[in-house]
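S.K.: Attaching a single structure in structure tokens format; questions to follow.
The values are calculated or read from the model by the stated rules, or taken from the named source; none is laboratory data. Everything numeric here is computed off the predicted structure, so don't read it as measured data. As a convention, Cβ positions derive from the backbone with ideal geometry for all residues, glycine included, and neighbour counts pool all protein chains shown. For the accessible areas, the whole protein counts, side chains as well, though only heavy atoms, and no ligand, DNA or RNA atoms are used. Shrake-Rupley method; radii C 1.70, N 1.55, O 1.52, S 1.80 Å.
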Amino acid sequence: MITRKEISKRYNFNMNDFDEFLRRNNIKWESEGFFGDKFLPDGLEEWITRYQNVLTARADEARRMQEQENAKQQALAQMLISSGFNFEGYKIVKYSGYISGDDVIQIPRGQGGYLFDTTADVGEELSKALRQIRRQAIQELKEAAYNLGCNAVIGVDFDYITMDPETASAAGGTLYLPYVFCVTANGNAVVIEKE
């Protein structure tokens, strides 16, 4: 028989995970010995091998997922985006339809309902926020195109929404909530090839 402590030392297993693996397979530790060591019964060392196979399969799956993510990020980085309806030197071989990407940001009000709590340059802060959400909307647009098997987006434009939300306060007055700025990037997902 082999003890839990020996398994941990010899195989460097995450013992909580190994315990869960055994539990799912209805294998129970046996307690014996003066110090209450836990043993796997004789003949069940095969479960160690099976668990090692599970670890290998997990590592292979993690590697495969990472390779897929790397390929996706490379494809997104190379994806062409245009507000026009073609790309010089390329021909469109497939139209996959209208897509969009969205993002939103909240900007807190300052004391007395003003934008921002500090004396920061409001225009600069708003411009920075809009750049951030526009980039995120473009990223979502690219991902939507990628999910359709496309490598470009044409006819891209942006829609902006500004909200000035308010609600009733507990005292019966008006409670002004943070300003909300939304942006939507719209376009048509296409597949292009070099001419």
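S.K.: Dipole of the chain (Lys/Arg Cβ +1, Asp/Glu Cβ -1, origin at the Cα centre): which of Ala59, Gln136, Asn151 lies farthest to the positive side?
M.R.: Going by the charge dipole, the pick is Ala59.
S.K.: Take Asp157 and Lys28, extend 7 Å from each Cα along the Cα→Cβ direction, and tell me the distance between the two endpoints in nm.
M.R.: 7.0
S.K.: Would you calculate, for the chain, the mean residue ellipticity at 222 nm contributed by helices, counting each DSSP H stretch of 4 or more residues as -39,500 (n - 2.57) and dividing by all residues, to the nearest 500? Mind dumping the intermediate values first?
M.R.: Numbers: 4 runs with 77 residues, N = 195.
The helix-only estimate for the chain comes to -13500 deg cm²/dmol at 222 nm.
S.K.: Given a 1.4 angstrom probe, what's the average accessible area per residue across the chain, in square angstrom? Let's see the in-between values first.
M.R.: Values: 12890 Å² over 195 residues.
Here the per-residue accessible area is 66 Å².
S.K.: Still on this model: Could you tell me which label, among (i) 22.2; (ii) 10.2; (iii) 13.5, carries the value of mean projected area of the Cα convex hull in nm² calculated for this structure?
M.R.: Recomputing mean projected area of the Cα convex hull in nm² here gives the entry labelled (i).
S.K.: Oh, and also: Going 7 Å from the Cα of Lys194 along its beta-carbon direction, which residues of region 83-102 have the amide nitrogen within less than 20 Å of the resulting point?
M.R.: 86-94
S.K.: Name the lysines eligible as straight-distance cross-link partners of Lys72: C-alpha to C-alpha under 21 Å, and not fewer than 8 places from it in the same chain.
M.R.: Lys72 reaches Lys94, Lys142, Lys194.
S.K.: Still on this model: Identify all lysines with a Cα-Cα distance to Lys28 below 17 Å; exclude those on the same chain that are fewer than 8 residues away in sequence.
M.R.: Those lysines meeting the cut-off are Lys5, Lys38.
S.K.: Quick one: putting +1 on the C-beta of Lys and Arg, -1 on the C-beta of Asp and Glu, what dipole do you get for the chain around its Cα centre, in Debye to the nearest 20? Numbers along the way, then the final one.
M.R.: Numbers: 22 positive and 29 negative charges, 91 e Å.
In total the dipole reaches around 440 debye.
S.K.: Against the longest alpha carbon principal axis of the chain, how many degrees, from 0 to 90 and to the nearest 10, is the axis of helix 15-24 turned?
M.R.: With rounding to tens, the tilt is 80 degrees.
S.K.: Test of understanding: what is the full-extension gain from Ala62 to Ala75, defined as 0.36 nm times their sequence separation minus their Cα-Cα distance? If you can, show how the numbers build up before the last one.
M.R.: Numbers: separation 13, 0.36 × 13 = 4.68 nm, distance 1.99 nm.
Net length gain for the segment: 2.7 nm.
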